[in-house]
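Please read the structure below before turning to the comments.
The values are calculated or read from the model by the stated rules, or taken from the named source; none is laboratory data. Bear in mind that the values here come from a model prediction, so they are computed numbers and not experimental data. A quick note on method: Cβ atoms are made from the backbone with ideal geometry, for glycine too, and the neighbour counts reach across all protein chains shown.
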Amino acid sequence: MGTFLDRFCPDLCVKNISDIDLDGLKASGYEALMIDLDNTLLPWKDSCAPASSREWVERAKALGMKICIVSNTHYPSRMMKIAAELDVPALAGALKPRSHGFSKAAKMLGCENAHVVVVGDQVMTDVLGGNRAGMYTILVEPMHPREFAGTKVSRVIERIILFRLRRLGKLGNKV
Ligand SMILES: [Mg+2]
């Protein structure tokens, strides 16, 4: 059971992207960030990233980190507009938790999967997909309680997984 649960285990849990130690990741050899869109960079259905997210993206860029938005969104035009505003590339229809989208984005950025950090708010898509791709995974808390109906269903399973991982001491009680 431990091995099965490990696939869903993030390497790190933080409250939001601003809490991520970008300098530390850079110093550890990570070169790129694959960031989820909804409820990670901005609240679901919002059309504009908040100042905190824009500042974070600028800070990552200033450190020389490559960034790509990787999303399962059904509205790629909305995502492309946000990506254009942040001046970062984006990959729509990533089909997370399949690892293919993450690997494709890494190739696009010219990075090895092992040097990529995946950041997202969902265990069942972002963390599982990033782990499958052999990337470093960071789980953030969702920015807003509003979300896609399908996501609400997977949150039930996510809560059970996180509860069990926490009980096994694998989350460091950070969530
Ligand atoms: Mg999300």
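Does residue 13 satisfy being more than 16 Å from the ligand (Cβ to nearest atom), under 29 Å from residue 170 (Cβ atoms) and either under 13 Å from the mean Cα position of the chain (by Cα) or not in a helix (DSSP H, G or I) (or both)? Before the answer, list the steps.
Numbers: more than 16 Å from the ligand (Cβ to nearest atom): no; under 29 Å from residue 170 (Cβ atoms): yes; either under 13 Å from the mean Cα position of the chain (by Cα) or not in a helix (DSSP H, G or I) (or both): yes.
Considered against the rule, which asks whether it is more than 16 Å from the ligand (Cβ to nearest atom), under 29 Å from residue 170 (Cβ atoms) and either under 13 Å from the mean Cα position of the chain (by Cα) or not in a helix (DSSP H, G or I) (or both), residue 13 comes out as no.
A single member of 129, 120, 101, 169 is surrounded by fewer than 18 Cβ atoms within 10 Å (Cβ to Cβ), more than 15 Å from residue 31 (Cα to Cα) and of a type in the set (Gly, Ala, Ser), and it is 169. One residue stands out among those in the stretch 20-46 that are more than 16 Å from the ligand (Cβ to nearest atom) and either farther than 19 Å from residue 135 by Cα or charged (D, E, K, R) (or both): the one that is surrounded by the fewest Cβ atoms within 10 Å (Cβ to Cβ), which is 23. Cβ-Cβ contacts under 6 Å between residues 6 or more apart (or on different chains), taken from a first residue in the stretch 131-157 that is polar (S, T, N, Q) to a second residue that is not in a helix (DSSP H, G or I), are listed as 131/7; 131/137; 137/10; 137/11; 137/118. Checking 110, 150, 134, 129 one by one, the residue that is within 12 Å of the ligand (Cβ to nearest atom) and at pLDDT 95 or above is 129 and no other.
Please find, among 94, 90, 83, 149, the residue that is out of contact with any Pro (no Cβ under 9 Å at 6 or more places or on another chain), buried (at least 21 other Cβ atoms within 10 Å of the Cβ) and not β-branched (Val, Ile, Thr).
Checking each option against the conditions leaves just 94.
State the number of residues belonging to the stretch 162-175 that are within 16 Å of the ligand (Cβ to nearest atom) and assigned to a helix (DSSP H, G or I). I'd like the intermediate steps shown before the answer.
First, pick out the residues of the stretch 162-175 that are within 16 Å of the ligand (Cβ to nearest atom): 162, 175.
From what's left, assigned to a helix (DSSP H, G or I): 162.
Of the residues in that region, 1 qualify.
In this structure, does residue 56 turn out to be part of a helix (DSSP H, G or I) and either among the acidic types (Asp, Glu) or within 16 Å of the ligand (Cβ to nearest atom) (or both)? Here the answer is yes, as residue 56 does meet what is asked. Picking from residues in the stretch 47-60 that are out of contact with any strand residue (DSSP E or B) (no Cβ under 7 Å at 6 or more places or on another chain) and over 25 Å from residue 150 (Cβ atoms), the one that is surrounded by the most Cβ atoms within 10 Å (Cβ to Cβ) is 56.
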